[in-house]
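Asker: First the structure, then my questions, so here it is.
The values are calculated or read from the model by the stated rules, or taken from the named source; none is laboratory data. None of these values were measured; they are calculated from a predicted model. Cβ coordinates were reconstructed from backbone atoms using ideal geometry, including for glycine residues, and neighbour counts include every protein chain displayed. Only protein heavy atoms, including side chains, enter the accessible area calculation; ligands, DNA and RNA are left aside. Shrake-Rupley method; radii C 1.70, N 1.55, O 1.52, S 1.80 Å.
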Amino acid sequence: MKAAGLAAEAEKWKAKPKRRNRQWIGLAYISPWIVGFLVFQGYPFFASLYYSLTSYDLLNAPKFIGLDNYVNMFTNDATFYTSLRVTLIYTIIAVPLKLAFALLVAVILNQKIKGVNFFRTVYYLPSILGGSVAIAVLWRFLFMKEGVVNQILAFLHIPAVNWLGSQHVALFTISLLTVWQFGSSMVLFLAGLKQVPAELYEVGRVDGASRVRMFFKITLPLITPIVLFNLIMQMVGAFQEFTNAFVILPDGGPLKSTYLYGMKLYDEGFKYLKMGYASALSWVLFLIVIVFTGLVFKSSGHWTHYEDGGDRR
């Protein structure tokens, strides 16, 4: 018995080098990702924290100034608060509209209709094309004072709207482009709708529930985890929005009504060559995103339903 135990121990010791070799092989396979992460994400992340404590113009060596960038940001920079306010309004407008529209399209495409796969592909295309500069330029031409949209309104005998020249409408016009890029959220919603058990709808129909009632009492509660994921992802993206606003209204629109935080970051870092100050702005944005994400996660325990009944708070 003792000899058998010693033999087993010997086999374990022999197997250890083989396990180590497999571990090194695994690390070798993922080493490109590790190197890429450290070089292109890890280093810039910590370097920006250091630069945020310096005066750095990209041309000369950074000069350490402590928290002066942050003090100046909160006490002397009026455009900081303007860009922050515009970004919050943009997020409040764009994110709910995008999620609602994506869910509506997903519900429609979840029906048994002829050629549904073709329509799913077509409706996903805006998410592939929507982030490009060319589409943003096209959007600007569509919503010009004499653009296609106002021409359609004139044909319908509706007064023209100054989509890009009015401080009350310009931000909403840019938000519409974001809403148009609903494909990724739609795909996730569609996947969630496919997982809702069909027998629940059968029970609802037996009880005489309407489609609207079944949607709010059965469908929506069961896809709330997907809603949570989409909400967080779209919210993070909205806080970092830059391309659409910059291409459509590069000067920030009338009275800086479309001057998003991303545009403020770009101006400070690359227009005025204040890379240290821009790094400080980026860290403030990072903390803002963390706070809002934490609030969403904290509230999700009250409205997110999980099939296992677990509490995710």
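Asker: How many residues does segment 178-202 hold that are among the aromatic types (F, W, Y) and not in a helix (DSSP H, G or I)? I'd like the intermediate steps shown before the answer.
Answerer: Filtering segment 178-202 down to residues among the aromatic types (F, W, Y) leaves 180, 182, 189, 201.
Still in the list and also not in a helix (DSSP H, G or I): 182.
Residues that pass the stated criteria total 1.
Asker: Do we have any residue at all in segment 283-303 that's touching a Gly at 6+ places or on another chain (Cβ under 9 Å) and closer than 29 Å to N69 by Cβ?
Answerer: yes
Asker: Okay, moving on. Out of curiosity, is Q195 surrounded by 18 or more Cβ atoms within 10 Å (Cβ to Cβ), of a type in the set (S, T, N, Q) and under 26 Å from V122 (Cβ atoms)?
Answerer: On the way: surrounded by 18 or more Cβ atoms within 10 Å (Cβ to Cβ): no; of a type in the set (S, T, N, Q): yes; under 26 Å from V122 (Cβ atoms): yes.
It is false that Q195 is surrounded by 18 or more Cβ atoms within 10 Å (Cβ to Cβ), of a type in the set (S, T, N, Q) and under 26 Å from V122 (Cβ atoms).
Asker: Mind counting the residues in segment 167-192 that are surrounded by fewer than 16 Cβ atoms within 10 Å (Cβ to Cβ) and within 26 Å of P250 (Cα to Cα)?
Answerer: Matching residues across segment 167-192 total 2.
Asker: Here is a follow-up. In segment 199-248, what residues are free of Cβ contacts under 8 Å to residues at least 12 places away in the same chain and open to solvent by less than 40 Å² (accessible area, probe 1.4 Å)?
Answerer: Within segment 199-248, A209, G237 meet the criteria.
Asker: Considering each of V95, V149, V161, V137 in turn, give the residue that is farther than 30 Å from L220 by Cβ, at pLDDT 90 or above and part of a helix (DSSP H, G or I).
Answerer: On the way: V95 fails: farther than 30 Å from L220 by Cβ; V161 fails: part of a helix (DSSP H, G or I); V137 fails: at pLDDT 90 or above.
Going through V95, V149, V161, V137 in turn, just one is farther than 30 Å from L220 by Cβ, at pLDDT 90 or above and part of a helix (DSSP H, G or I): V149.
Asker: Here is a follow-up. Here's a check for you: in segment 18-55, which residue that is more than 30 Å from A278 (Cβ to Cβ) and open to solvent by less than 60 Å² (accessible area, probe 1.4 Å) is modelled with the highest pLDDT?
Answerer: S31
Asker: List the pairs whose first member sits in segment 36-61 and is within 17 Å of Y266 (Cα to Cα) and small (G, A, S), whose second member is surrounded by fewer than 12 Cβ atoms within 10 Å (Cβ to Cβ) and at pLDDT 90 or above, and whose Cβ atoms are under 6 Å apart, counting only residues at least 6 apart or on separate chains?
Answerer: So the pair list comes out as S55/K63.
Asker: Looking for something touching an Asp or Glu at 6+ places or on another chain (Cβ under 7 Å), closer than 25 Å to L138 by Cβ and either of a type in the set (D, E, K, R) or part of a loop (DSSP other than H, G, I, E, B) (or both) - is there at least one such residue anywhere in segment 254-261? Explain how you work it out, then say what you get.
Answerer: Taking segment 254-261 as the starting set, the residues that turn out to be touching an Asp or Glu at 6+ places or on another chain (Cβ under 7 Å) are 260.
Those still in the list that are closer than 25 Å to L138 by Cβ too: 260.
Retained after the next criterion (residues that are either of a type in the set (D, E, K, R) or part of a loop (DSSP other than H, G, I, E, B) (or both)): 260.
Yes, segment 254-261 contains a residue that is touching an Asp or Glu at 6+ places or on another chain (Cβ under 7 Å), closer than 25 Å to L138 by Cβ and either of a type in the set (D, E, K, R) or part of a loop (DSSP other than H, G, I, E, B) (or both).
Asker: OK, next. Looking for whichever is more than 23 Å from the chain's Cα centre (by Cα) and over 30 Å from P221 (Cβ atoms) here; the options are F155, F172. Which one fits? Spell out how you get there, then give the answer.
Answerer: Numbers: F172 fails: more than 23 Å from the chain's Cα centre (by Cα).
Exactly one residue qualifies, and that residue is F155.
Asker: Still on this structure: Hey, any hits in segment 249-259 for a residue that's among the charged types (D, E, K, R) and open to solvent by 30 Å² or more (accessible area, probe 1.4 Å)?
Answerer: Yes, some residue in segment 249-259 is among the charged types (D, E, K, R) and open to solvent by 30 Å² or more (accessible area, probe 1.4 Å).
Asker: Hey, can you tell me all the residues within segment 64-102 that are touching a Ser or Thr at 6+ places or on another chain (Cβ under 8 Å), farther than 18 Å from K264 by Cβ and open to solvent by less than 70 Å² (accessible area, probe 1.4 Å)?
Answerer: Result: I65, I93, K98, L99, A102.
Asker: Report, by residue number, each residue of segment 98-127 that is part of a helix (DSSP H, G or I), in contact with a helix residue (DSSP H, G or I) (Cβ under 8 Å, 6 or more places away or on another chain) and not aliphatic (A, V, I, L, M).
Answerer: To start, the set of residues in segment 98-127 that are part of a helix (DSSP H, G or I) comprises 98-109, 116-127.
From what is left, the residues that are in contact with a helix residue (DSSP H, G or I) (Cβ under 8 Å, 6 or more places away or on another chain) are 98-99, 101-103, 105-107, 109, 116, 119-120, 123-127.
The answer is K98, F101, F119, R120, Y123, Y124, P126, S127.
Asker: Moving to a separate point now. Go through segment 287-308 and count every residue that is in a helix (DSSP H, G or I) and open to solvent by less than 80 Å² (accessible area, probe 1.4 Å). If you could, list the steps in order and put the result at the bottom.
Answerer: Going through segment 287-308, the residues in a helix (DSSP H, G or I) turn out to be 287-303.
Checking the rest, the ones that are also open to solvent by less than 80 Å² (accessible area, probe 1.4 Å) come to 288-289, 292-294, 296, 299-301.
Within segment 287-308, residues that are in a helix (DSSP H, G or I) and open to solvent by less than 80 Å² (accessible area, probe 1.4 Å) number 9.
Asker: Can you give me the number of residues within segment 273-300 that are under 15 Å from the mean Cα position of the chain (by Cα) and aromatic (F, W, Y)?
Answerer: The qualifying residues number 2.
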